[in-house]
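Peer 1: So that we are looking at the same thing, I have put the structure below in structure tokens.
The values are calculated or read from the model by the stated rules, or taken from the named source; none is laboratory data. Remember, predicted model here, so these are calculated numbers, not experimental data. Cβ: placed from backbone, ideal geometry, glycine included. Neighbour counts: every protein chain shown. Ligands, DNA and RNA are excluded from the accessible area calculation, which covers all protein heavy atoms including side chains. Shrake-Rupley method; radii C 1.70, N 1.55, O 1.52, S 1.80 Å.
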Amino acid sequence: MALTLPSTRHWRFPAFIALYLLLDWSTYLDPLYGLNITPWNPDPALGLVLWLRYGWRLAPAWFIALAAGEVLVRGMPAGPALTVLMSLWLMFGYGMIGEALRRRFADGAIFDNRRGLFAWVAILAVGTALNDLVYIALLSLGGLIPAGQWGAAVLRFGIGDMVGALVSMPLIWMLACPARRRLLRAAVWRLETLGYLALAAGVLYLVFGSIATSEFKEFYFLFLPVIWAASRQGLRGAALMVCLLQAGIGALVKWNHAVDIAVHELQMLDAALALVGFSIGIVVDELRQVSTELKRSLRLAAAGEMAAALAHELNQPLTALGAYGKACELLLERGDSGPLLKDAVRHMIAESGRAAEVVRRLRDFFRSGALRLEPVAPAPLVREVARQFAAPLREHGVELVIGEIPAPAVLADRVQLALVLRNLVANALEAAQERPRGARRVTLSGRRLGGGRGGHGCLQLTVEDSGHGVTEALAAGLFEPFVSTKASGLGLGLVLSRAIMEAHGGSLWAEAGGHGVFKLALPLARDGQPEQERDGDDDQ
């Protein structure tokens, strides 16, 4: 458990005793028969949090705090002997709850998920119930509980302990650890926090501002600031809001001298308020964690796509570099240092520059969506991509048909458009293998469409395969993350391909049918249109 407290052994436990007594005194309101039986006992929550750090080493200090509270806060109504006995029992009972929490949450993940939250609530409920029964029994043996009131005392003390720990422990747990304290401060140190605190103050005054009896029918308004804090700031906001509301309720009840209230009803409402707030807060935290992990997965997938694109795009310049390097080696062996050698070196420099440009442009796009738009002739690009699949097409017996491709150039980033085409052809090749040999076919074709942006028209390229195709429902979801028809696919290639097309001002879609059909559309380049840089988010 990563709780960090002052390392000076001489005053850490005395500081705990002083803080425990302060909490005991400040929340000692509406006591039953002048005993330690109040509607809300947050001081055990402080002890339980420190027990997670110190274990049984905290027991002597907790016993002293309990006994001192009986003497200084309540005037020791049970007498010396019974006070010592009750304090010993409470110390032991709270210690057993603390030990149960230490064993269940050895990794410190009490409030990290809903399962941990429910386990924490269950341990508190069972532990405080057992502690309550023995403590009230000792008070009854000492004659401090009137005849016939044993059940009411059990109910009030048990629920008071349960509600006090339930409401206070999450916030104290966060404050006790520097790392969690920094996260708490980062979450709630915002202007928005003032908004829900103001709402809480207004609702508290509305519900409890003039209360004198049990007429607090507008209690449900207190859920508004709790839900606001939990939905915006997760468990940290909920913990702060619930604890502050409980403190405000106690202060207003004490200020108004509202002694004739339905205590058990107020306690149950407090518990419901805390559980709702914590449940919403943990769900919000879990969703944020899932979102963060999804973004990380998408970044890793983008890195994988970038690596594949680099492998394809760098193959040609690296092969050329090797060929020219070998030629230079042969020329040097022959002692030739004339025009042939200089020409080979120039070609090597050009190919290395081409490789560097491929790396830079792909890196820029996957990092920031930046594009270098230029007029690209579609037919040569389609043939170049098709040549890269010559070997797998022969291996799997798939026929590749290249139909008519219109001549007008499109405005695109050549490297990224090639990446999209390769992804579509690779998918089509795999889908075509579902058919028997002789019926495996992939067709690439194109046609010019009128209109489009600025009325200049666009080019539609179609990648069609002889596979089984997709249904209407699957076609609608193919471009969602992690949706794939491949057994080993991540379902991210089409997501990234569509993102690239939309960054170009184009589109990519699938058509349902008896065989696979994917189409992409790109704006045509105007005559004489120069190369231009553009962010992927800009509108052309």
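Peer 1: Roll a 1.4 Å probe over the protein chains and send me the accessible area per residue for segment 90-219 in Å². Spell out each step's value before the answer.
Peer 2: Values: 5980 Å² over 130 residues.
Here the per-residue accessible area is 46 Å².
Peer 1: If packing is taken as the average count of other Cβ atoms within 10 Å, what order do 329-336, 19-26, 158-165 fall into, highest mean first?
Peer 2: For the peptides 329-336, 19-26, 158-165, the packing ranking is 158-165, 19-26, 329-336.
Peer 1: What shape does segment 151-195 have by the C-alpha gyration tensor, where a ≥ b ≥ c are the square roots of the eigenvalues, rounded means a/c under 1.5, and otherwise prolate means a/b greater than b/c and oblate the rest?
Peer 2: On the way: a/c = 7.82, a/b = 2.30, b/c = 3.40.
Oblate shape, in that a/c is at least 1.5 and b/c is the bigger or equal ratio.
Peer 1: OK, next. What distance in nm separates the two pseudo spin-label positions at Ala106 and Val84, each 7 Å out from Cα along the beta-carbon direction?
Peer 2: 3.8 nm
Peer 1: In Å², and per residue, what accessible area does segment 414-475 have when probed at 1.4 Å with the other protein chains present?
Peer 2: Computed with neighbouring chains in place, this is 43 Å² per residue.
Peer 1: Using a ≥ b ≥ c from the Cα gyration tensor of segment 1-154 (square roots of the eigenvalues), is it rounded, prolate or oblate, where a/c under 1.5 gives rounded and otherwise the larger of a/b and b/c decides, a/b for prolate?
Peer 2: oblate
Peer 1: Compute the FRET efficiency between Leu194 and Ala323 as 1/(1 + (r/R0)^6), taking r as their Cβ-Cβ distance and R0 = 41 Å, and round to the nearest 0.05.
Peer 2: It comes out at approximately 0.05.
Peer 1: Can you tell me which of 62-74, 81-93 comes out highest on packing, and rank the rest after it, using the mean Cβ neighbours within 10 Å?
Peer 2: Per-residue Cβ counts within 10 Å, averaged per peptide and sorted highest first, yield 62-74, 81-93.
Peer 1: Still on this structure, please answer the following. Take peptides 374-381, 237-244, 186-193 and line them up by average Cβ neighbours within 10 Å, highest first, as a rough protection proxy. Before the final figure, lay out each step's value.
Peer 2: On the way: 374-381: 16.8, 237-244: 26.0, 186-193: 13.4.
Result, highest mean first: 237-244, 374-381, 186-193.
Peer 1: What distance in nm separates the simple spin-label points at Leu332 and Gln289, each placed 7 Å from Cα in the Cβ direction?
Peer 2: Each label point lies 7 Å from its Cα, and together they span 5.8 nm.
Peer 1: What spacing in nm lies between the two simple spin-label points modelled at Val134 and Arg115, each 7 Å away from Cα in the Cβ direction?
Peer 2: Result for the modelled spin labels: 3.1 nm.
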